[in-house]
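Novice: Handing you this structure, nothing more for now.
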Amino acid sequence: MSIIKQKRFWKKAASVERTRGFGVELDGRSVNTPNKTALVVPTIVMADAIAAEWDAQSENIDPLSMPVTRSANSALDKVAPQQAEVVAMLAEYGNSDLLCYRAAGPKELIAQQAAAWDSVLDWAADEFGERLSVGEGVMHVAQDAALLENLHAEVAAFDNFALVGVHDLVSISGSLILALAVTRGVIIASDAWTKSRIDEQWQVSQWGEDDEATANEALKREAFLHADRFYQLSLT
């Protein structure tokens, strides 16, 4: 089945100030989301980035080359109507955080996990009042209820646009704590990505690389770094 490609129909994209934020116009006509919501974003730098994506389109529009536009659409069309549910889903990662599930062996992997993850858990303990409990294997590790409430409050403080970035930082890494460390500026996104892939890199070191898996890892890393960029663009 052939895919119908939408043609470029505008000459110039520009960011514009709105009453409650910033929008994007194509030859003076406002851009809307797929759900026909006015595309109004919280910062001029985000609006500028969206306008640049539209300006960069050639004869045919390629949505995959417009990640900031797609993330802004998600904030308005997907997160805004169900913000409480998104917050609850992300906060729940604190109850099953990647950093809390350690290998029982070999000792080299145990050491790598501890070196990468313990300092981040120490930081989180100082910030959120309690250290997350750590266990071996995949059996659920129960966490302190007050700590989980504090993590929920931290996530609930993000606006809809920030939540889009946080969502992908959490879901791609499997760690709410790593995501929060990135948003607080404790670690940079590329370091958080490396910390989140300790287990995968261990497997590669033991069994070698698989071309398909390597390609998938590259796509995940790109999405993770975009999530950080979008989060940063959302900050006023």
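Novice: Could you count how many residues in region 196-236 are under 18 Å from the mean Cα position of the chain (by Cα) and aromatic (Phe, Trp, Tyr)?
Specialist: Result for region 196-236: 3.
Novice: Hey, another quick one. Being farther than 19 Å from SER196 by Cβ, in the same structural domain as HIS167 (by TED's automatic domain parsing), assigned to a helix (DSSP H, G or I) and of a type outside the set (Gly, Ala, Ser) is true for just one of VAL120, VAL87. Which residue is that? Spell out the reasoning first.
Specialist: Values: VAL120 fails: farther than 19 Å from SER196 by Cβ.
After applying the criteria, what remains is VAL87.
Novice: Could you tell me whether region 151-159 includes any residue that is outside any helix (DSSP H, G or I), closer than 13 Å to VAL86 by Cα and among the hydrophobic types (A, V, I, L, M, F, W, C)?
Specialist: To start, the set of residues in region 151-159 that are outside any helix (DSSP H, G or I) comprises 157-159.
Remaining after also requiring closer than 13 Å to VAL86 by Cα: 157-159.
From what is left, the residues that are among the hydrophobic types (A, V, I, L, M, F, W, C) are 157-158.
So far as region 151-159 goes, yes, one or more of its residues are outside any helix (DSSP H, G or I), closer than 13 Å to VAL86 by Cα and among the hydrophobic types (A, V, I, L, M, F, W, C).
Novice: What are the residues in region 184-209 that are part of a helix (DSSP H, G or I) and in contact (Cβ under 8 Å) with a residue 60 or more places away in the chain, if any?
Specialist: Going through region 184-209, the residues part of a helix (DSSP H, G or I) turn out to be 189-196, 198-207.
Listed by number, the residues that qualify are THR194, LYS195, SER196, ILE198, ASP199, TRP202.
Novice: Still on this structure: Any residue in region 109-124 that's under 17 Å from TYR93 (Cα atoms): show its pairings with residues that are among the polar types (S, T, N, Q) at Cβ separation under 9 Å, as long as the two are six or more apart or on different chains.
Specialist: Pairs found: TRP117/SER175; VAL120/SER175.
Novice: Please find, within region 46-74, the residue that is surrounded by the most Cβ atoms within 10 Å (Cβ to Cβ) out of those that are over 30 Å from TRP117 (Cβ atoms) and within 17 Å of the chain's Cα centre (by Cα).
Specialist: So in region 46-74, the residues over 30 Å from TRP117 (Cβ atoms) come out as 46-66, 68-70, 72-73.
This time we only want the ones that are within 17 Å of the chain's Cα centre (by Cα), so: 46, 64, 66, 68-70, 72-73.
Details: MET46: 26, LEU64: 6, MET66: 19, VAL68: 21, THR69: 22, ARG70: 18, ALA72: 29, ASN73: 21.
This residue is ALA72.
Novice: Moving on to the next point. Can you find a residue that is surrounded by 14 or more Cβ atoms within 10 Å (Cβ to Cβ), in a helix (DSSP H, G or I) and not small (Gly, Ala, Ser) anywhere in region 133-146? Quick ask: steps written out before the conclusion?
Specialist: So the first thing to find is which residues in region 133-146 are surrounded by 14 or more Cβ atoms within 10 Å (Cβ to Cβ), and the list is 134, 141, 143-144.
If we keep only those that are in a helix (DSSP H, G or I) as well, we get none.
For region 133-146, residues surrounded by 14 or more Cβ atoms within 10 Å (Cβ to Cβ), in a helix (DSSP H, G or I) and not small (Gly, Ala, Ser): absent.
The values are calculated or read from the model by the stated rules, or taken from the named source; none is laboratory data. Since this is a predicted model, take the numbers as computed values, not measurements. Reconstructed Cβ throughout: ideal geometry from the backbone, glycine too, with neighbour counts over all protein chains shown.
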